[in-house]
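Here's the structure we're looking at; comments come further down.
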Amino acid sequence: MRERQKHKLADTAQQIVGGFLLSGPFVVTEEVWLLARNMTVFHSLFLVGIVTTIGYGGLYGADNDRDPRREAAVFGVPVRFISVLIVAFGSVTILAFSITAPDLFLADLAPRARLSVTAQAISVAALFSVVGAVTTDSLF
């Protein structure tokens, strides 16, 4: 039986670079925040499913050398996959709040509504972030 491959800090660092690189332009785009205002919880959950699918497919479907059964796992879920999802949603969240995007684009909303729309905007921008994270992880 083969030894499980460990997920290294360098792997996560590569994912972070790709995740931030591709999500940045979408976090600062007003259209993303307008789309988020029009979304429902269903739309957000659907996007989370798409992000998850892209993340898994990009890591394990596009790379024939990578086998999720041979990687370090938590409760059967590969650590590399968990890392990609954390990076995809985390990078967008960090960017949104560090540049005060919700305050700018959602100033007219009540705090509770602002938080909801921000979560929806994060789900939109995470689509692009996960592509960047998976791409850099696979290339390097």
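Numbers at a glance
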{"read-out": "The listed residue being surrounded by 20 or more Cβ atoms within 10 Å (Cβ to Cβ) and either under 18 Å from Ala126 (Cβ atoms) or hydroxyl-bearing (Ser, Thr, Tyr) (or both), out of Phe46, Phe42, Phe89", "value": "Phe89"}
{"read-out": "Conditions (1) surrounded by 13 or more Cβ atoms within 10 Å (Cβ to Cβ); (2) at pLDDT 95 or above; (3) in a helix (DSSP H, G or I): number failed by Gly58", "value": "(2)"}
{"read-out": "Condition check for Asp108: acidic (Asp, Glu) and more than 21 Å from Thr40 (Cα to Cα)", "value": "no"}
{"read-out": "Of all residues in the stretch 62-85 being over 18 Å from Ser129 (Cα atoms) and part of a loop (DSSP other than H, G, I, E, B), the one that is modelled with the highest pLDDT", "value": "Phe75"}
{"read-out": "Selected residue [over 19 Å from Ala119 (Cβ atoms) and without any contact (Cβ under 8 Å) to a residue 40 or more places away in the chain] from Gly76, Gly58, Gly18", "value": "Gly76"}
{"read-out": "Matching option when the condition is crowded, with 22+ Cβ neighbours inside 10 Å, more than 15 Å from Thr12 (Cβ to Cβ) and more than 13 Å from the chain's Cα centre (by Cα), among Phe97, Phe105", "value": "Phe105"}
{"read-out": "Selected residue (only one of Ser91, Ser116 is of a type in the set (Gly, Ala, Ser), assigned to a helix (DSSP H, G or I) and touching a Ser or Thr at 6+ places or on another chain (Cβ under 7 Å))", "value": "Ser91"}
{"read-out": "Any hit, the stretch 6-21, residues being closer than 14 Å to Val130 by Cα, in a helix (DSSP H, G or I), touching a strand residue (DSSP E or B) at 6+ places or on another chain (Cβ under 9 Å) and not charged (D, E, K, R)", "value": "no"}
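The values are calculated or read from the model by the stated rules, or taken from the named source; none is laboratory data. On a predicted model such as this, the values are computed, not experimentally measured, just so you know. Neighbour counts are summed over all protein chains in view; Cβ atoms, including those assigned to glycine, are modelled from backbone coordinates with ideal geometry.
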